[in-house]
Amino acid sequence: MSTKLWGGRFDMPTNKLVESYNATIMLEQRLCPFDIQGSIVHATMLGRQGIIAQDEANAIIGGLRQVGKEIEEGQFVFDTVDEDIHMAIERRMTEIIGPVGGKLHTGRSRNDQTTVDSKMHMRSTIREIQQDIVHLQKIIINKAENNINAIMPGYTHLQTGQPILLSHWIMAYYWMLRRDWTRFEDLYQRMGECPLGSAALAGTTFPIDRDFTAQQLGFDKPTENSIDSVSDRDHMVEFTAAAAMCFMHLTRLSEELVLFSSQDFKFIELSDDFCTGSSIMPQKKNPDVAEKMRGKGGRMYGNLMAMLTIMKGIPLAYNTDMSEDKEQVYDSMDTLQTSLKIMAPMLDKMVILSENTRNAAARGFSNATDMADYLVRKGIPFREAHHIVGSAVNYCIKHRKMLEELTMDEFHSFDNKIENDIYENISLEACIKARMSYGGTGTDAVKKQIEIAKSYLN
């Protein structure tokens, strides 16, 4: 005889290997407070609607609260016999208050129960992640403001392009994170419909109040279609997608931290507590934390592909395939949250070596575009100006000079329209100052950008 809560249909107990194979209870313990909250609200609704007696509802609520306390205090025993936390909590609550506990499941199914738990937990996690994103954004703004005069090379193809403010470089990551924040916000809002009350797939014959349960659980409204409600895992797929996108930004930042902390660049110095050493080379200071974070991007992308593949071609409504959603989604949650919490202090304690960044900008002909713009203002077509400056750079490379080190005779060998004002037009400071277009690297433009960024945080 089966001892399962659903065991009336069966003559034999579940095979022990199958029991372990099917069980999700060890993965989903983080859902416990949300499962208890959902059950308390459901029991409250059953009592309000007269579906069960009020004293029965009160007893169930009291039992659920005691189970919650046991879980919080570490006294609750999780066992794969219970399959999932929903059955484990109901079983223990029934042990506490007696057979009346069996009335809790009136008008609902594990199908709508697991979905509402999942959505409540995810919405809570999204709010935590958004707070972590904002914390990192504040550190980025602080770094930008404290290094507002630092000049560095801006790169395309990892080749020196134009001089930029280091503040402009680091603020680029603020805006990536801003988009991440809004993606999570969009997901949060899309999850505003409550599936509780959809039951197994077709709704219920009991006069439940879905508006009440939705409102009490923090949702905007009930879902409109009971079949879709219990077969929907869009939020799980979408979370892994948003998390993978956010993590992609963290891997790009991690790569630049690795690159810029190397001896060949030496733009930054990472704090010792975010680096490791070598077992054989005593001089090494390795940016292992940034490298580790860069590497975890593969897992985050894999979690997204796993979710898409799990949901591929599943017929309506609920199928047990969907219970495979938790492992990769929880891994994405934990990996992203931990990485955001690590990146924040690593970036905060990072030292900017502004003399090195400026010297690098001076070495790489980053002012070549500004020389071309100078010639355009002298009436030379841009394509011709481009060719002239390219020839000048070629000459400088062969003679080991920078553009600003050329004499007027040397400049005139390329074009006679070049005058003494060329020097003030191609200094690094002038190159920065000239780029005052909205969103550009000019000092005033970057300060304006920072103020706008702060307004989003406020």
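The values are calculated or read from the model by the stated rules, or taken from the named source; none is laboratory data. Since this is a predicted model, take the numbers as computed values, not measurements. Quick reminder, even Gly has a Cβ in these numbers, built from the backbone with ideal geometry, and neighbours come from all protein chains shown. Surface accessibility is based on the protein's heavy atoms, side chains included, excluding ligands, DNA and RNA. Shrake-Rupley method; radii C 1.70, N 1.55, O 1.52, S 1.80 Å.
Key figures for this structure:
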{"item": "Evaluation of THR309 against (1) open to solvent by 40 Å² or more (accessible area, probe 1.4 Å); (2) polar (S, T, N, Q); (3) touching a helix residue (DSSP H, G or I) at 6+ places or on another chain (Cβ under 6 Å) (one fails), failing number", "result": "(3)"}
{"item": "Selected residue (criterion: farthest from THR223 (Cα to Cα)) from residues of the stretch 139-193 that are aromatic (Phe, Trp, Tyr) and open to solvent by 40 Å² or more (accessible area, probe 1.4 Å)", "result": "TYR155"}
{"item": "Residue pairs meeting the criteria (Cβ under 6 Å; at least 6 apart or on separate chains; first basic (Lys, Arg), in the stretch 117-130; second open to solvent by 10 Å² or more (accessible area, probe 1.4 Å) and part of a helix (DSSP H, G or I))", "result": "ARG123/TYR188"}
{"item": "Criterion (modelled with pLDDT under 95 and in a strand (DSSP E or B)) met by exactly one of GLY161, GLY154", "result": "GLY161"}
{"item": "Counted residues, the stretch 220-249 - those being of a type in the set (S, T, N, Q) and part of a helix (DSSP H, G or I)", "result": "4"}
{"item": "Criterion violated by ARG358 - all others in (1) under 26 Å from the mean Cα position of the chain (by Cα); (2) open to solvent by 40 Å² or more (accessible area, probe 1.4 Å) satisfied", "result": "(1)"}
{"item": "Test: residue in the stretch 120-138 that is hydrophobic (A, V, I, L, M, F, W, C), open to solvent by 10 Å² or more (accessible area, probe 1.4 Å) and under 30 Å from ASP84 (Cβ atoms)", "result": "yes"}
{"item": "Positions within the stretch 234-269 being under 21 Å from the mean Cα position of the chain (by Cα) and closer than 19 Å to ASN286 by Cβ, in sequence order", "result": "LEU250, THR251, LEU253, SER254, GLU255, GLU256, LEU257, VAL258"}
{"item": "Long-range neighbours under 7 Å by Cβ, at least six apart or interchain, first residue open to solvent by 40 Å² or more (accessible area, probe 1.4 Å) within the stretch 276-297, second part of a loop (DSSP other than H, G, I, E, B) and small (Gly, Ala, Ser)", "result": "LYS284/GLY277; LYS284/SER278; LYS285/GLY277"}
{"item": "Test result for LYS69, in a helix (DSSP H, G or I), within 33 Å of the chain's Cα centre (by Cα) and basic (Lys, Arg)", "result": "yes"}
{"item": "Residues of the stretch 212-260 satisfying the condition of being in contact with a strand residue (DSSP E or B) (Cβ under 8 Å, 6 or more places away or on another chain), within 30 Å of TYR155 (Cα to Cα) and either open to solvent by 20 Å² or more (accessible area, probe 1.4 Å) or modelled with pLDDT under 95 (or both)", "result": "none"}
{"item": "Members of the stretch 20-44 found to be within 21 Å of ARG108 (Cα to Cα) and not in a helix (DSSP H, G or I), listed by number", "result": "ALA23, THR24, ILE25, GLU28"}
{"item": "Residues of the stretch 170-214 classified as under 17 Å from ASP234 (Cβ atoms) and in a helix (DSSP H, G or I), total", "result": "8"}
{"item": "Odd one out for GLU429 among (1) touching a helix residue (DSSP H, G or I) at 6+ places or on another chain (Cβ under 8 Å); (2) touching a residue at least 24 places away in the same chain (Cβ under 8 Å)", "result": "(1)"}
{"item": "Filtered residues of the stretch 310-323 (kept if part of a helix (DSSP H, G or I) and touching an Asp or Glu at 6+ places or on another chain (Cβ under 6 Å))", "result": "ILE310"}
{"item": "Selection status of GLU83, surrounded by 24 or more Cβ atoms within 10 Å (Cβ to Cβ), of a type in the set (Asp, Glu) and within 23 Å of SER231 (Cβ to Cβ)", "result": "no"}
{"item": "Residue pairs meeting the criteria (Cβ under 7 Å; at least 6 apart or on separate chains; first without any contact (Cβ under 8 Å) to a residue 40 or more places away in the chain, in the stretch 314-331; second open to solvent by less than 40 Å² (accessible area, probe 1.4 Å))", "result": "ASP321/ILE310; ASP321/ILE314; GLU324/ILE310; ASP331/ASN303"}
{"item": "Members of the stretch 378-403 that are under 46 Å from the mean Cα position of the chain (by Cα) and touching a residue at least 40 places away in the same chain (Cβ under 8 Å)", "result": "MET402"}
{"item": "Residues located in the stretch 56-71, provided they are without any contact (Cβ under 8 Å) to a residue 12 or more places away in the chain and farther than 24 Å from ALA199 by Cα", "result": "LYS69"}
{"item": "Count of the stretch 72-85 residues which are part of a helix (DSSP H, G or I) and modelled with pLDDT of 95 or more", "result": "1"}
{"item": "Segments classed as helices (runs of 4 or more DSSP H), wholly inside the stretch 362-422, with at least 1 members that are among the aromatic types (Phe, Trp, Tyr), open to solvent by 40 Å² or more (accessible area, probe 1.4 Å) and over 20 Å from THR160 (Cβ atoms)", "result": "382-399"}
{"item": "Residue in the stretch 324-345 that is exposed (fewer than 15 other Cβ atoms within 10 Å of the Cβ) and part of a loop (DSSP other than H, G, I, E, B) present", "result": "no"}
{"item": "Enumeration of residues in the stretch 435-447 that are assigned to a helix (DSSP H, G or I) and either in contact (Cβ under 8 Å) with a residue 40 or more places away in the chain or touching a Gly at 6+ places or on another chain (Cβ under 9 Å) (or both)", "result": "THR443, ALA445, VAL446, LYS447"}
{"item": "Subset tally (residues that are open to solvent by less than 70 Å² (accessible area, probe 1.4 Å) and either among the aliphatic types (A, V, I, L, M) or over 12 Å from SER118 (Cα atoms) (or both)) for the stretch 28-48", "result": "11"}
